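Have a look at the structure below before the remarks.
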Amino acid sequence: MINLEETVIRKLKTIQHILVTVESCTGGLISHLITNTPGASEVYWGSFIVYDNQAKEQLGVSSETLNTHGAVSAKIALQLAEKGLMKAENALSHVTPSQSLIKHKGILCISTTGIAGPQGGSLEKPVGLCFLGLAITGKPTRVEKIQISSDLVALGRTQIKLVFAQKALELIRGNV
């Protein structure tokens with residue numbers, strides 16, 4: 001049986017796109033799931049893990065947007081995805097791609113920012129809230145808001161991160 005990660009990798013190969021991740025709340029979990037899958041080296045370029053706001057700013061996220069909207073917001077997810085895409089496009093345009101990466105027509109960047117808990121939530125931004133950003137070469141960037149149910153939140157941080165990562169993979173699958 002083909003799992004979600006295998007499906008994403010196959011679809012990326014088919015459309016000849018490279019995958020980049022920018023992970024905050026998932027802390028590299030999407031990267032982990034992808035790199036555990038045979039064939040990932042043909043489509044997976046790398047990840048930026050930007051957990052702290054300073055790391056987000058180093059990637060290029062606006063400190064003004066962080067201060068105005070907070071790290072967990074649609075605007076930050078959008079900027080994370082766009083900055084990750086831009087960095088990967090720049091890097092891949094200046095070097096010869098490694099032998100393992102496919103000859104690509106574009107790059108897809110997924111970003112995550114959210115609250116995995118158990119602390120850190122508020123009425124406005126509860127535990128289990130995540131924003132996913134999706135930037136694809138030549139297409140408008142989109143953002144999806146995820147709010148997982150209190151039943152899943154009760155299962156704890158690890159389960160919340162896994163749900164966020166799975167939702168990110170589903171978003172990729174639905175857009176390639």
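The values are calculated or read from the model by the stated rules, or taken from the named source; none is laboratory data. In this text, all values refer to a predicted model and were calculated from it rather than measured experimentally. Note that each Cβ is placed from the backbone with ideal geometry, even for glycine, and that neighbours are counted across all protein chains shown.
Whether any residue in the range 86-108 is at pLDDT 95 or above, under 20 Å from residue 165 (Cα atoms) and not aliphatic (A, V, I, L, M) is what I want to check.
no
Test of understanding: among 7, 35, which residue is without any contact (Cβ under 8 Å) to a residue 24 or more places away in the chain and either over 30 Å from residue 121 (Cα atoms) or surrounded by fewer than 19 Cβ atoms within 10 Å (Cβ to Cβ) (or both)? Explain how you work it out, then say what you get.
Numbers: 7 fails: without any contact (Cβ under 8 Å) to a residue 24 or more places away in the chain.
Unique residue meeting the criteria: 35.
For the condition in contact with a Leu (Cβ under 9 Å, 6 or more places away or on another chain) and not hydroxyl-bearing (Ser, Thr, Tyr), what is the one hit in 32, 104?
Numbers: 32 fails: in contact with a Leu (Cβ under 9 Å, 6 or more places away or on another chain).
Going through 32, 104 in turn, the sole match is 104.
Could you check the range 56-87 and list, in sequence order, the residues that are farther than 29 Å from residue 16 by Cα and touching a Phe, Trp or Tyr at 6+ places or on another chain (Cβ under 8 Å)?
72, 73
Pairs needed: first member in the range 65-94, among the aliphatic types (A, V, I, L, M); second member anywhere, surrounded by fewer than 23 Cβ atoms within 10 Å (Cβ to Cβ) and part of a helix (DSSP H, G or I); C-beta distance under 8 Å; at least 6 residues apart or different chains.
Within 8 Å, the pairs are 66/53; 66/57; 71/53; 76/65; 76/66; 76/69; 80/59.
Restricting the range 49-65 to residues that are among the charged types (D, E, K, R) and closer than 20 Å to residue 31 by Cα, which is surrounded by the most Cβ atoms within 10 Å (Cβ to Cβ)?
Step one: of the range 49-65, the residues among the charged types (D, E, K, R) are 52, 56-57, 64.
Cutting the leftovers down to closer than 20 Å to residue 31 by Cα gives us 52, 56.
Details: 52: 11, 56: 25.
Of everything passing the filter in the range 49-65, 56 is surrounded by the most Cβ atoms within 10 Å (Cβ to Cβ).
State all residues of the range 143-167 that are outside any helix (DSSP H, G or I) and surrounded by fewer than 16 Cβ atoms within 10 Å (Cβ to Cβ); if no residue qualifies, say none. Please lay out each step first, then the result.
To start, the set of residues in the range 143-167 that are outside any helix (DSSP H, G or I) comprises 143-149, 154-156.
Matches in the range 143-167: 145, 147, 149, 154, 155, 156.
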